[in-house]
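I have placed the structure first, in the form of structure tokens, so that the comments after it can refer back to it.
The values are calculated or read from the model by the stated rules, or taken from the named source; none is laboratory data. What you are looking at is a predicted structure, and each value in this text was computed from that prediction instead of being measured. A quick note on method: Cβ atoms are made from the backbone with ideal geometry, for glycine too, and the neighbour counts reach across all protein chains shown. These accessible areas exclude ligands, DNA and RNA; they are computed on the full protein's heavy atoms, side chains included. Shrake-Rupley method; radii C 1.70, N 1.55, O 1.52, S 1.80 Å.
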There are 2 protein chains.
Amino acid sequence: MKQLILLLSIVITCQLSAQTDTENLKKIYDNSLTNGMSYQWLDHLSNQIGGRLSGSLNAEIAVQYTKEQFETLGLDKVWLQPVMVPRWIRGAPEFAYIETSPGKTTSVNICALGGSIATPTGGVKANLIEVETYKDLEALGETKIKGKIVFINRPMQANLINTFEAYGGCSSERYNGAKEAAKYGALAVIVRSLNLRLDDYPHTGSMSYGDLPNSQRIPSAAISTNDAELLSGMIALNKDLKFYFSQNCKQLADVQSYNVIGEITGSEFPNEVIVVGGHLDSWDLGDGSHDDGAGVVQSMDVLRLLKESGIRPKRTIRAVLFMNEENGLRGGKKYAEVAKKKGENHIFALESDSGGFTPRGFSFQSSEAMLAKVQSWRSLFKPYLIHYFEAGYSGADIGPLKNDNIVLAGLRPDSQRYFDHHHAANDTFEHVNKRELELGAASMTALIYLIDKYGTDTITNDTELKD
Amino acid sequence: MKQLILLLSIVITCQLSAQTDTENLKKIYDNSLTNGMSYQWLDHLSNQIGGRLSGSLNAEIAVQYTKEQFETLGLDKVWLQPVMVPRWIRGAPEFAYIETSPGKTTSVNICALGGSIATPTGGVKANLIEVETYKDLEALGETKIKGKIVFINRPMQANLINTFEAYGGCSSERYNGAKEAAKYGALAVIVRSLNLRLDDYPHTGSMSYGDLPNSQRIPSAAISTNDAELLSGMIALNKDLKFYFSQNCKQLADVQSYNVIGEITGSEFPNEVIVVGGHLDSWDLGDGSHDDGAGVVQSMDVLRLLKESGIRPKRTIRAVLFMNEENGLRGGKKYAEVAKKKGENHIFALESDSGGFTPRGFSFQSSEAMLAKVQSWRSLFKPYLIHYFEAGYSGADIGPLKNDNIVLAGLRPDSQRYFDHHHAANDTFEHVNKRELELGAASMTALIYLIDKYGTDTITNDTELKD
């Protein structure tokens with residue numbers, strides 16, 4: 001009889017708990033879709049502030065703005081975490097053309113890659129050598145490369161369903177192209193933009209010279225996909241054509257900046273920290289709405305949505321707006337360094353840095369047991385069409401927090417449109433749909449709510465019954 | 001021993017079959033994403049032809065164009081199916097303003113609803129009465145309504161995840177508003193546009209006078225959501241303000257048009273017909289890219305993708321481009337009527353009429369057993385993030401085919417952005433993402449392939465082993 005009562009009480013607790021979870025998720029989603037702040041905040045970040053390259057005035061205005069917004073939310077703590085960041089500036093606009101014969105030129109759209117040096121005064125003009133990947137350079141060797149501009153024309157693979165895989169397959173061309181081409185005496189490198197679509201926008205992004213001495217560094221720029229196609233076609237017709245470009249970018253000394261942090265302190269386990277975040281910096285060409293204004297405002301709204309939905313977390317929930325993800329990751333590294341120094345116990349971190357598109361689910365860097373635990377919540381997410389709970393990448397900023405105790409996760413929005421806008425002048429507010437952004441914020445809040453409630457402990461099987 | 005061999009051969013057949021299915025789905029998706037025609041066809045339909053209202057010259061040009069395109073595909077049959085369609089024309093552009101006092105006016109964005117009559121020459125100007133639904137009219141009665149313009153201001157419900165549910169909750173206001181308001185002596189009806197977003201686009205759509213005699217009919221128009229908010233705010237401040245609008249639309253006599261049909265005749269069961277379709281007509285304000293150019297070009301590409309992927313269907317597959325879904329459904333009715341008259345055995349029909357957005361899955365009007373059969377294919381679709389296989393609505397054009405033998409299905413793309421564009425001037429090509437459109441075409445082809453291979457028979461449990 002005693003056992004029966006125990007069993008019954010377990011069953012009832014289970015059902016009540018599930019009911020409450022269902023109700024709380026509904027509150028969270030309703031609140032985000034009818035009363036969310038993410039879109040309004042993004043409007044300000046994008047249209048009132050704009051592109052937020054690390055070390056720029058805009059980045060500092062964004063630090064102040066988001067801190068002020070946190071302060072309106074009645075959080076337990078809001079603070080700035082100092083971090084020194086690199087400062088690269090684009091300078092006067094780039095200019096480029098294809099020259100088929102002296103005086104006969106066609107202008108093309110390029111932009112300097114982040115971290116690149118400028119061209120010499122007056123620009124650089126030379127014959128081109130086209131390759132599909134920087135790995136082709138070794139076989140060509142100095143005789144074919146010296147004195148030329150290397151054109152790396154590797155299209156993203158269209159048949160990959162997850163566009164981030166297609167990006168991963170090509171991003172090393174952008175990152176390593178100049179470093180490798182310089183070894184064989186190239187004058188400069190032009191890389192096809194990492195864009196699945198054919199259009200006129202050049203897409204910037206970080207590149208690296210590795211340990212190449214200053215004297216051997218060469219300028220590197222991205223060309224729009226339309227112009228990459230044009231250029232490739234023109235080279236096929238005329239191997240002797242010349243390419244000209246000038247760019248005026250510069251790496252300046254590091255400057256002071258900040259991660260912006262807002263916290264709801266845990267009511268029962270304040271020393272167990274759950275992080276949700278995105279990065280506050282962006283590239284300079286657009287206004288950084290998708291990358292990563294979306295992740296910033298969604299993370300901010302997680303704290304607000306928890307409060308608005310009457311949920312008092314047991315554990316400490318921190319929204320961290322990381323600085324300098326794009327060209328240094330200094331904010332992410334600093335946050336992890338300080339957490340370690342303070343001996344803070346971070347049990348979970350979630351990043352949103354894949355655009356403000358309809359959320360499909362989450363990917364996890366965790367044990368299989370933890371993944372199974374999250375997957376057991378699947379039915380709670382079904383009404384919101386959140387279906388994807390798989391092992392996979394989390395996010396760059398939270399990466400440095402990795403250790404044996406923490407579970408890392410990434411929001412996985414629909415990826416089809418992301419690289420149309422990524423790092424380009426058309427990463428702008430009008431390309432963000434309010435509802436898609438709000439669904440993302442709600443989904444993140446729902447996951448954080450469940451993680452807070454049920455923890456990341458997978459040793460016992462009855463974690464669902466703790467409450 | 002014999003039984004063991006039988007069992008083994010079943011297991012092997014099963015695995016081979018699944019392998020082939022996996023491979024064929026990969027071929028279909030690869031082909032659509034790297035070599036698809038849907039986007040190119042849509043570009044032509046949208047940018048070279050434009051809006052395709054039934055009975056318009058554009059609609060007839062679209063009939064010829066899609067027939068010609070079918071003819072390039074090496075199909076077994078291509079034909080036009082004659083159908084008489086209504087012809088409603090918008091005439092000179094609408095004009096509207098709010099008048100707070102004589103001479104003090106604010107212009108607002110409206111458009112006539114499809115099927116509405118014109119305003120009297122010189123327009124109509126009167127006081128307004130605002131209601132949230134036409135059902136409020138009865139309580140107000142003739143004393144409060146007579147001589148006024150009724151303003152139905154019902155916002156779509158933002159917290160519904162499926163935006164079609166939110167649309168369903170409001171569309172009867174647009175459809176019935178004028179008919180109901182006329183009963184109480186209203187001069188005209190203005191309806192809030194069915195758009196979840198706040199913007200300046202008025203959204204048209206069909207309305208009906210039911211059996212109201214001509215003499216009692218009143219003009220009806222939609223107002224943009226921004227202007228609906230403005231108007232409502234101004235009414236709250238000043239109940240005596242006046243609203244003016246003029247529109248010049250007209251219902252003309254029916255004209256001849258066509259459904260456009262392409263067919264791959266079945267190699268084994270030519271008398272079992274599978275239909276895939278969308279509607280070729282559209283409203284006139286935009287170019288009808290999402291509604292339903294997308295469904296048209298996807299349906300066309302289903303036939304091409306089957307052929308390109310080397311799949312020879314056992315059953316007859318027909319792509320049907322229906323005419324006049326928007327304001328009459330004549331094409332859908334005619335197709336079903338002819339099919340019935342000919343005694344054709346339609347076993348399955350799939351419609352794409354929810355926009356060219358990332359496909360999430362399908363909804364089915366079928367027996368539970370058939371739904372379970374489709375759900376057993378879920379793992380085949382997992383690599384393509386197609387996860388939604390549920391009972392639900394199929395499509396307007398294929399609805400008239402309904403009988404006890406046929407399974408009806410609808411493609412379910414992500415619905416978040418659809419009503420930003422639906423029936424408005426911004427339903428245009430640049431709002432369609434190539435990859436999203438192509439993923440939809442591939443998903444439709446994959447489903448048609450599986451239905452063709454395994455049939456819709458659910459009596460036996462071994463349908464998977466037939467091949």
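Computed over region B:328-396, relative contact order equals 40 percent, with contacts defined as Cα pairs under 8 Å that lie 6+ residues apart.
Between helix B:171-183 and chain B there is an angle of about 40 degrees, using the helix long axis and the longest principal axis of the Cα atoms. With its label point defined 7 Å out from Cα along the Cα-to-Cβ axis, B:I61 lies at 4.6 nm from the matching points of the other copies, in increasing order. Expressed as a rounded percentage, what relative contact order does chain B have, with Cα pairs under 8 Å and six or more residues apart? With pairs under 8 Å counted, the relative contact order is 21 percent.
The simple Förster model, with R0 at 56 Å and r as the Cβ-Cβ distance, assigns B:L198 and B:W79 a FRET efficiency of 0.75. Of B:L80, B:L401, the order by accessible heavy-atom surface (1.4 Å probe, DNA, RNA and ligands excluded), from most exposed downward, is B:L80, B:L401. In chain B, the calculated helix contribution to ellipticity at 222 nm averages -10500 deg cm²/dmol per residue, counting -39,500 (n - 2.57) for every DSSP H run with n ≥ 4. Could you compute the FRET efficiency for A:A92 and A:D254, with r as their C-beta to C-beta distance and R0 at 35 Å, rounded to 0.05? Step by step, r from the Cβ atoms, then E = 0.95. Relative contact order of region B:91-248, taken over Cα pairs closer than 8 Å and 6 or more residues apart, is 38 percent.
Remark on A:V276: its backbone amide H falls under 5 Å from those of A:R318, A:A319, A:V320, A:L350, a criterion applied only to residues 5 or more positions apart or on other chains, H modelled at 1.01 Å from N. By a 1.4 Å probe calculation restricted to protein chains, B:C170 has an accessible surface near 10 Å², given to the nearest 10. With every protein chain in place and a 1.4 angstrom probe, the accessible-area ranking of B:I448, A:I129, largest first, reads A:I129, B:I448. To one decimal in nm, how far is B:E23 from the same spot in the other copies, if labels go 7 Å from Cα toward Cβ? Please give the shortest first. So the distances to the same position in the other copies read 5.5 nm. Rg and Dmax of chain A, based on Cα coordinates, read 24.4, 98 Å. Accessible area per residue for chain A is 39 Å², calculated with a 1.4 Å probe on protein heavy atoms, without ligands, DNA or RNA. Summed over all non-identical Cα pairs, the Kirkwood treatment of region B:91-248 gives a radius of 15.4 Å. Whenever you get a sec, compute what percent of the accessible area on chain B sits on carbon and sulfur atoms (1.4 Å probe). The nonpolar share, carbon plus sulfur, comes to 52 percent. Charge dipole of region A:91-248 (Cα centre as origin; +1 on each Lys and Arg Cβ, -1 on each Asp and Glu Cβ, all else neutral): 340 debye, rounded to the nearest 20.
Computed from point charges on the beta carbon alone (+1 for Lys and Arg, -1 for Asp and Glu), the dipole magnitude for the protein assembly as shown about its Cα centre is near 100 Debye. Of all chain A residues, the closest to the A-onto-B rotation axis by Cβ, with that distance in whole Å, is A:H387, 2.
Label-point spacing for B:A126 across the identical copies (point 7 Å from Cα in the Cβ direction), in nm and ascending order: 7.8.
The H on the amide N of B:R412, modeled in the peptide plane, is under 5 Å from the matching H of B:R360, B:G361, B:F362, B:S363, each at least 5 residues off or on a different chain. May I ask for the percentage of alpha-carbon pairs in the protein assembly as shown that lie more than 45 Å from each other? In whole percent, the long-distance tail amounts to 38. Close amide H contacts of B:F269 (hydrogens built in the peptide plane, cut-off under 5 Å, sequence separation of 5 or more or a different chain): B:R315. Rounded to the nearest 0.05, the FRET efficiency derived from the C-beta distance between A:D457 and B:R378 at R0 = 30 Å is 0.45. Note on A:I98: accessible area approximately 0 square angstrom, rounded to 10, probe 1.4 Å, nucleic acids and ligands left out. For region B:91-248, lysine pairs with C-alpha atoms less than 13 angstrom apart, excluding pairs fewer than eight positions apart on the same chain, total 11.
In order along region B:80-93, the phi-based Karplus estimate (6.51 cos²θ - 1.76 cosθ + 1.60, θ = phi - 60°) of 3J(HN,Hα) comes to 9, 10, x, 8, 7, 10, x, 10, 10, 10, 7, x, 4, x Hz; Gly and Pro are listed as x. Placing unit charges on each Cβ (+1 for Lys and Arg, -1 for Asp and Glu) gives the protein assembly as shown a dipole about its Cα centre, and among B:Y167, B:G395, A:H44 the Cα reaching farthest toward its positive end belongs to B:G395.
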